[in-house]
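Below is one structure, written out as structure tokens, with a few remarks after it.
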């Protein structure tokens, strides 16, 4: 495997995290869910030899009759939820900090997406990927298994930050694929209101949405001290000015906008976290998934 | 001790101070393009700050100082009134070391030989003849007015001249040892060769007699030839009795130090500026002399015949002519006690001390500091 942002060190830090859907864990307590487990969700996977402790009813008696050995039928159980990773791939995601020019917002988003995929697949959930690009949505249908991880990594590696925010009309396939009760993790800068709008609408439509906002150090600290010509990567708009003079007002206005955004996400019932590019990577995942509300493993 | 500027107009170069200021200002106006997605929360400042600000103030300060010092260098700073009033000791060549050792001088005395360049007394005594009086005047003129001067001379001095020896100060005149009279150089009498044409044959006899008289009878007779060729043998004097312009070969020979005697109808080279050197009793010119190179051209202004020039027949003619061909050396030897210099000459004002070498050193050091500041890694990333 050529490209894998989930380094062994990072993988070790992911230990103990669990992607849990508040919605489905609430459902799982009811009997409805369990009965579905027994029914159509069971799909034959493999035989394995009997080990002490296995339930006798899981022994395949017909096979015992043929081979005079105990075999257990193992089935792959459909996970009740799919984890959808939605990555914003507009041009603004390509912004990096001057102190670390090779680590853009999109790089962080790809690494975090890979971590989420790793977590989801490890705990047996299905994982899928949607990249929000202006021209077309990039899809990896939700599935499980080791091959799926490679498919996701392949798609993530190809991802480039370009173009503006995706148009509303192009989002139809997204609504068709993401089923109700699925977990949707939106990775983006949330600077354009379109991303937040999409997240709130998904949440309103009974999808469990988790928002992870990626900010650069420049947006948090505004560390410029000289004359600058600020250029919006999506519109190409430019604003020349003395950074020192602009700093105070920008920090105030941006902080206000951030508070408004967080309030909006909170009202929509969206769990959210902010990751600034100079922070350690798994930090936001810890915030979002560290203290899982439901602890019952399937 | 007054600092002065010898060329205050050089301070006009201070206008160059604007250069580093402009450089450091220009950078401020340069705006680095920066990708910034959160542009909508940036608000263009309606009233941009007009405060003049400079990048890298320390580097700017060093550069300003550097330019200012360069302008100062152009203005030629100097210190006036720096008086080095230490006593001086001058020792004439010819005084032996023992006499110098006997002389009780102070510890801070500056001792020199009275020789060209005034070498220090530690160095070996310079040889060769020295124009004593001229050197003493030169040393006195370069000395600040208050500095006492001691001159140690032998009893007999060579190198005096006809001028009055008056110095700018009262000199302590010490006489040590006998010293030696300069040996009278016994200059051999000049040898004369005679070249003439047919028209001047008459006069050759007188010149032959002159040449024989110079050689005092015991020498070979002069070489007389009716030709226009230079003599093959080395001679000091040549009688070139030809009318018209002097040939180039003769002029070249004169420039090498020869003395040539030409008749009245010869034409001198254009560059020669003749001066009448000998007049008869009534003031009519008889002989004029012109310098060419290291030698001289002597032109008899009358034909060589007793009728035109009765002096030819006088008994002292040969010696008189020798005096022009071979002038006797001027007397330069004098007894030291008779050559005590007087005082009262106007002392030259002390020369200002040039500060430019020190300033140049400071500028070089400052330039190094500037380079160090400008290339140090503490500077921001290159634009």
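The values are calculated or read from the model by the stated rules, or taken from the named source; none is laboratory data. Only a predicted model underlies this, so the values are computations on that prediction, with no experimental measurement involved. Positions of Cβ are backbone-derived with ideal geometry, glycine not excepted, and every protein chain shown enters the neighbour counts.
For every residue, the table says whether it meets (1) within 17 Å of residue A:97 (Cα to Cα); (2) without any contact (Cβ under 8 Å) to a residue 60 or more places away in the chain; (3) within 14 Å of another protein chain (Cβ to nearest Cβ); (4) not in a helix (DSSP H, G or I).
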| position | (1), (2), (3), (4) |
| --- | --- |
| A:230 | yes, yes, yes, yes |
| A:236 | no, yes, yes, yes |
| A:246 | no, yes, yes, no |
| A:256 | no, yes, yes, no |
| A:263 | no, yes, no, no |
| A:266 | no, yes, no, no |
| A:274 | yes, no, yes, yes |
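Across segment B:66-87, the qualifying residues are those that are modelled with pLDDT of 80 or more and out of contact with any helix residue (DSSP H, G or I) (no Cβ under 9 Å at 6 or more places or on another chain), and the one among them that is nearest to residue B:154 (Cα to Cα) is B:87.
Is at least one residue of segment B:144-155 in contact with a strand residue (DSSP E or B) (Cβ under 8 Å, 6 or more places away or on another chain) and modelled with pLDDT under 80? Give the derivation first.
The first filter runs over segment B:144-155 and keeps only residues in contact with a strand residue (DSSP E or B) (Cβ under 8 Å, 6 or more places away or on another chain), leaving B:147-155.
Filter again for modelled with pLDDT under 80, leaving none.
Checked segment B:144-155: no residue is in contact with a strand residue (DSSP E or B) (Cβ under 8 Å, 6 or more places away or on another chain) and modelled with pLDDT under 80.
Reported count of residues in segment A:154-204, each being more than 14 Å from chain B (Cβ to nearest Cβ), outside any helix (DSSP H, G or I) and in contact (Cβ under 8 Å) with a residue 60 or more places away in the chain, is 12. In segment B:139-170, the qualifying residues are those that are surrounded by 14 or more Cβ atoms within 10 Å (Cβ to Cβ) and assigned to a helix (DSSP H, G or I), and the one that is farthest from the chain's Cα centre (by Cα) is B:140. Residue B:85 fulfils the conditions (1) assigned to a loop (DSSP other than H, G, I, E, B); (2) closer than 20 Å to residue B:15 by Cα except for a single criterion, (2).
Enumerate the strands (runs of 3 or more DSSP E) found wholly within segment B:197-279, keeping only those where 1 or more residues are more than 37 Å from the chain's Cα centre (by Cα). Write out each step before concluding.
Numbers: elements: B:223-225, B:237-241, B:259-262, B:275-279.
The qualifying strands (runs of 3 or more DSSP E) are B:223-225, B:237-241.
Residue count for segment A:228-264, restricted to those that are closer than 30 Å to residue B:25 by Cβ and surrounded by 19 or more Cβ atoms within 10 Å (Cβ to Cβ): 8.
In this structure, residue A:106 does satisfy being within 14 Å of chain B (Cβ to nearest Cβ), closer than 27 Å to residue B:37 by Cα and in contact (Cβ under 8 Å) with a residue 40 or more places away in the chain.
Conditions tested, residue by residue: (1) over 30 Å from residue B:160 (Cα atoms); (2) in contact with a strand residue (DSSP E or B) (Cβ under 8 Å, 6 or more places away or on another chain).
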residue: B:286; (1), (2): yes, yes
residue: B:292; (1), (2): no, no
residue: B:313; (1), (2): yes, no
residue: B:333; (1), (2): no, yes
residue: B:344; (1), (2): no, yes
residue: B:347; (1), (2): no, no
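Determine whether segment A:108-122 contains at least one residue that is over 17 Å from residue A:156 (Cα atoms) and more than 13 Å from the chain's Cα centre (by Cα). Yes, segment A:108-122 has at least one match.
Condition check ((1) in a loop (DSSP other than H, G, I, E, B); (2) loosely packed, with under 13 Cβ neighbours inside 10 Å; (3) modelled with pLDDT of 85 or more; (4) on the phi > 0 side of the Ramachandran plot) across all residues:
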residue: B:37; (1), (2), (3), (4): yes, no, yes, no
residue: B:47; (1), (2), (3), (4): yes, yes, no, no
residue: B:54; (1), (2), (3), (4): yes, no, no, no
residue: B:64; (1), (2), (3), (4): no, no, yes, no
residue: B:89; (1), (2), (3), (4): no, no, yes, no
residue: B:106; (1), (2), (3), (4): yes, yes, no, no
residue: B:134; (1), (2), (3), (4): no, no, yes, no
residue: B:137; (1), (2), (3), (4): no, no, yes, no
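Inside segment A:205-228, can you point out the residues that are part of a strand (DSSP E or B), more than 9 Å from chain B (Cβ to nearest Cβ) and in contact with a helix residue (DSSP H, G or I) (Cβ under 7 Å, 6 or more places away or on another chain)?
Filtering segment A:205-228 for residues part of a strand (DSSP E or B) gives A:208-215, A:227-228.
Filter once more, so that each one left must be more than 9 Å from chain B (Cβ to nearest Cβ): A:208-214.
Listed by number, the residues that qualify are A:208, A:209, A:210, A:211, A:212, A:214.
Restricted to segment B:263-280, and to residues there that are in contact with a helix residue (DSSP H, G or I) (Cβ under 7 Å, 6 or more places away or on another chain) and under 15 Å from residue B:250 (Cβ atoms), the residue that is surrounded by the fewest Cβ atoms within 10 Å (Cβ to Cβ) is B:269.
Candidates are the residues of segment B:177-196 that are touching a strand residue (DSSP E or B) at 6+ places or on another chain (Cβ under 6 Å) and either modelled with pLDDT of 80 or more or not in a loop (DSSP other than H, G, I, E, B) (or both); the one that is farthest from residue B:221 (Cα to Cα) is B:196. With the requirement that a residue be surrounded by 18 or more Cβ atoms within 10 Å (Cβ to Cβ) and either touching a helix residue (DSSP H, G or I) at 6+ places or on another chain (Cβ under 6 Å) or not in a strand (DSSP E or B) (or both), what does segment B:281-296 give you? Selection gives B:292, B:295. Flag: residue B:357 does not match the condition of being free of Cβ contacts under 8 Å to residues at least 40 places away in the same chain, over 30 Å from residue B:284 (Cα atoms) and not in a helix (DSSP H, G or I).
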